[in-house]
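Written out below as structure tokens is the structure these notes cover.
The values are calculated or read from the model by the stated rules, or taken from the named source; none is laboratory data. The shown structure was predicted, so the numbers you read here are calculated from the model rather than taken from an experiment. Glycine also receives a Cβ, built like all others from the backbone with ideal geometry; neighbour counts cover every protein chain displayed. The protein model used for the area step is the full one, side chains on, heavy atoms only, and it has no ligands, DNA or RNA in it. Shrake-Rupley method; radii C 1.70, N 1.55, O 1.52, S 1.80 Å.
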Amino acid sequence: MDILTLWNSLLVHPIMNLTLFAYSIVRDFGLAVIFVTILIRLALYPLYVTQIRSQRAMQEVAPAMEELKKKYGKERQRFSQEQMKLYSERGVNPAAGCLPLVLQMPLLIALYNSLLQLGCGLGPPPGNLCPGLSHDMVESFRYAFISNPIQPDGALDTTAHWLPWISRGLQHPDPLFILPVLAGLVQLVASVMAMPAKQVKSDDPAQRMTQSMAYTFPLITVVIGAQFPAGLTLYWIATTLFQIVQQYFVSGWGQLPKYLPFLRGVPTPADRELHRREQAAIVEARKDMKDKDDAESDEHEPEPTAPGASSGGRRRGRRRGKR
């Protein structure tokens, strides 16, 4: 089995079958793409939660990391040891934030290949005219439990009927660039929400680059979305909206109230969870202090003596004095 066959079997064909299954239910290719997006996000939900928390934790330890660099910047081995110690104490795993990104890239490439083949047919389209996916082509990769939604003499309709300006199908770029601009806007919202509400000042170049990418990546999204198939841009919009909802529950508004002040009075489940953890930490700290005070008072308390022994000694002393 060559690499291309393995790639199609593991990723491309499953996504195509899943999209066709969704299309057979909703009868709209755009809604089918959104349906597939939601399923992919739900499957990767635990990894994305780990990514969000890891990114937030890395931003919160940035000031402490800056202090370590100032103190042990010239001692690489000692700095590495203190860095790992800091990560361990704060429960930070730097690699946890990269895993979802690594997994998402093959999915994006596979989805891109799937959209092209669903819209233009298997293999390179003759003359780039995109004749469309036919009934017989579907039979060559269709799973037995999924019905073929294409008539024997027809082709797959890849238009989204609720996006009337994209009349050629979602395998082509958006001619009016509406979806790319929308993708950039939702990406900007997600990037701002990913930044902590109280931004810490740091001279770390990596930290400054992360902050700048929060504002430049949405522009990159617009440029890429204008050149790629509209279906892929629609996928990016749907997956980013899912991410925004996810961040609302996991990490809160972030720095979004800085630009939308009315959100400051709207609490999030993440805020309530943070308040609960803070209260639990306060109760635990008070209990530890009370236990420590009790232990210290027990150490300083004099040992009790037998009443008879002490009083008898004094009486013997007084009797000896009288004699």
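In table form, for the structure just shown:
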{"read-out": "Residue check, VAL102 open to solvent by less than 40 Å² (accessible area, probe 1.4 Å) and either closer than 30 Å to ALA57 by Cα or at pLDDT 85 or above (or both)", "value": "no"}
{"read-out": "Residues within region 41-55 that are buried (at least 20 other Cβ atoms within 10 Å of the Cβ) and among the β-branched types (Val, Ile, Thr), tallied", "value": "1"}
{"read-out": "Qualifying residue in region 56-68 (condition: surrounded by 14 or more Cβ atoms within 10 Å (Cβ to Cβ) and closer than 25 Å to ILE237 by Cα)", "value": "yes"}
{"read-out": "Residue list for region 5-37, restricted to those being over 19 Å from PHE145 (Cβ atoms), in contact with a helix residue (DSSP H, G or I) (Cβ under 9 Å, 6 or more places away or on another chain) and open to solvent by 60 Å² or more (accessible area, probe 1.4 Å)", "value": "TRP7, LEU31"}
{"read-out": "Selected residue (only one of ILE3, ILE25, ILE15 is out of contact with any Ser or Thr (no Cβ under 8 Å at 6 or more places or on another chain) and within 23 Å of ILE166 (Cβ to Cβ))", "value": "ILE25"}
{"read-out": "Sole residue being farther than 28 Å from PRO196 by Cα, over 24 Å from the mean Cα position of the chain (by Cα), at pLDDT 90 or above and outside any loop (DSSP other than H, G, I, E, B), chosen from PHE35, PHE21", "value": "PHE21"}
{"read-out": "Considering residues of region 141-153 that are touching a His at 6+ places or on another chain (Cβ under 7 Å) and open to solvent by less than 60 Å² (accessible area, probe 1.4 Å) only, the residue farthest from ALA32 (Cα to Cα)", "value": "PHE141"}
{"read-out": "Pair list, Cβ under 7 Å, 6 or more apart: region 162-175 residue within 12 Å of LEU234 (Cα to Cα), other residue open to solvent by 80 Å² or more (accessible area, probe 1.4 Å)", "value": "PRO173/GLN227"}
{"read-out": "Residue identified as modelled with pLDDT under 90 and either buried (at least 16 other Cβ atoms within 10 Å of the Cβ) or over 29 Å from VAL250 (Cα atoms) (or both) among MET209, MET195", "value": "MET195"}
{"read-out": "Tally, over region 84-95, of residues that are at pLDDT below 75 and open to solvent by less than 20 Å² (accessible area, probe 1.4 Å)", "value": "1"}
{"read-out": "Selection count, region 154-191, where residues are under 30 Å from GLN255 (Cα atoms) and either hydrophobic (A, V, I, L, M, F, W, C) or open to solvent by 80 Å² or more (accessible area, probe 1.4 Å) (or both)", "value": "11"}
{"read-out": "Qualifying residue in region 235-252 (condition: modelled with pLDDT of 75 or more and more than 18 Å from the chain's Cα centre (by Cα))", "value": "no"}
{"read-out": "Pairs with Cβ under 9 Å, 6+ apart, first in region 237-251 and in contact (Cβ under 8 Å) with a residue 24 or more places away in the chain, second polar (S, T, N, Q) and open to solvent by 50 Å² or more (accessible area, probe 1.4 Å)", "value": "SER251/GLN55"}
